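First comes the structure, then the notes that go with it.
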Amino acid sequence: MIFVPKENIFEKDFINLLENTKKALLGPYFSQLKEINPNKFEDLVFETMEKSAIGTMFEGYLIHTDLYDFPDIIAKKYFGAEVKVTVSDKWVSTGNSILEATRDKDVKKIFIFFGKLGGSPDIKFRNYSECLYGVGVTHSPRYKINMELPMGQSIFDKIGVEYDDLRQNNPIAQIKAYYRSQLKEGDELWWIDQQIEDTAASPVIRSFQNLPQEDQRNFIVETMILFPEMFSSNNSKFERAAAYLVTRHNAISSSFRDMFSAGGKVMVKVGGKTIVVSQILEKLRTHAKEINIIIETTNVEELKNYWRVDLIKKDRIGQWKDLLDVAGKDSGFKPSKIFEAGLK
């Protein structure tokens, strides 16, 4: 990382330092860039920047930060340079965590100093926030970098918030809200933040049939709560639940519908009458008491996320029943009545 002190600091001077560092690297090193070890590129950038800083306000004021700190170089405790490198012939890469947990609190202005070693080797540098076009997820949400991103197309432009405002005000929540607003019918986010669930995902994807019976039962109950559209006649009604099986239970099923519909129609008593219902409605009746308890104890944010509502009402059960009945409006009777029958 590179930082610069606050007094008498001008952005144009730091940009000149970056430009001179780039020229110095592309001079004697140009023909060797293809052979440079990417892991050593950052060290080379810092060494070259130190030489380029001689005789400038930055001489003696550059710091190469520790391995996981952000940014990589600090100049005068004000400016920062985050060094990135790729061996491909593209100007794209995975960036830093959106949380910036290791960011130096004094650094106000950060640039990306990007080395492209593939194809015809070259170097670009640019204002950090201008070239972050989206978010990807490895072990945590991370920005995606495109050094050739057109102005006005950064992730911050898309969300409608300044970079500094986002990074200082619950960035995960704002990023998630943006990506949720872009979801198509049946889509779902596969990552979830620590505010909702503090668990580590297993690296193994299993068959649903190989899950413990208790986990299978929990999944069926959870999905009936979280995805009311499952009670509709829509062809895509199970898509979000299927995504949930992967993201929350690390499992897949080759016959997803069967776990809710296998067995055909059944007869149940509702309001003194015997009616014929689908297996999913029978499961709703069978698990009604358990569902009732879980809805009352589920995290509010989780319900808002999956129900796609802005507010969870005091009467959660009533709100959920309304969602059920809207989804099942073509069934000829209200699914909530089946649910109520199971509470008796």
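A few comments on the model shown:
- Selected residue (criterion: modelled with the highest pLDDT) from residues of the stretch 35-50 that are surrounded by fewer than 12 Cβ atoms within 10 Å (Cβ to Cβ) and more than 24 Å from residue 98 (Cα to Cα): 40
- A single entry from 224, 259 fulfils the requirement of being crowded, with 19+ Cβ neighbours inside 10 Å, in a helix (DSSP H, G or I), in contact (Cβ under 8 Å) with a residue 60 or more places away in the chain and not small (Gly, Ala, Ser): 224.
- Qualifying residue in the stretch 64-72 (condition: modelled with pLDDT of 95 or more, loosely packed, with under 14 Cβ neighbours inside 10 Å and not in a helix (DSSP H, G or I)): no
- Only a single item in (1) without any contact (Cβ under 8 Å) to a residue 60 or more places away in the chain; (2) touching a strand residue (DSSP E or B) at 6+ places or on another chain (Cβ under 7 Å); (3) among the hydrophobic types (A, V, I, L, M, F, W, C); (4) under 30 Å from residue 36 (Cα atoms) is not met by residue 113, and it is number (1).
- Conditions (1) within 25 Å of residue 134 (Cβ to Cβ); (2) out of contact with any Lys or Arg (no Cβ under 8 Å at 6 or more places or on another chain); (3) of a type outside the set (Val, Ile, Thr); (4) outside any strand (DSSP E or B); number of the one not met by residue 84: (4)
- When the stretch 262-298 is filtered for residues that are polar (S, T, N, Q) and either touching a helix residue (DSSP H, G or I) at 6+ places or on another chain (Cβ under 9 Å) or in contact (Cβ under 8 Å) with a residue 24 or more places away in the chain (or both), the ones remaining, listed by number, are 278, 279, 286, 292, 298.
The values are calculated or read from the model by the stated rules, or taken from the named source; none is laboratory data. Note that the structure is predicted; figures quoted are calculated from it, not measured. Please note: Cβ atoms are built from the backbone with ideal geometry, for glycine as well, and neighbour counts cover all protein chains shown.
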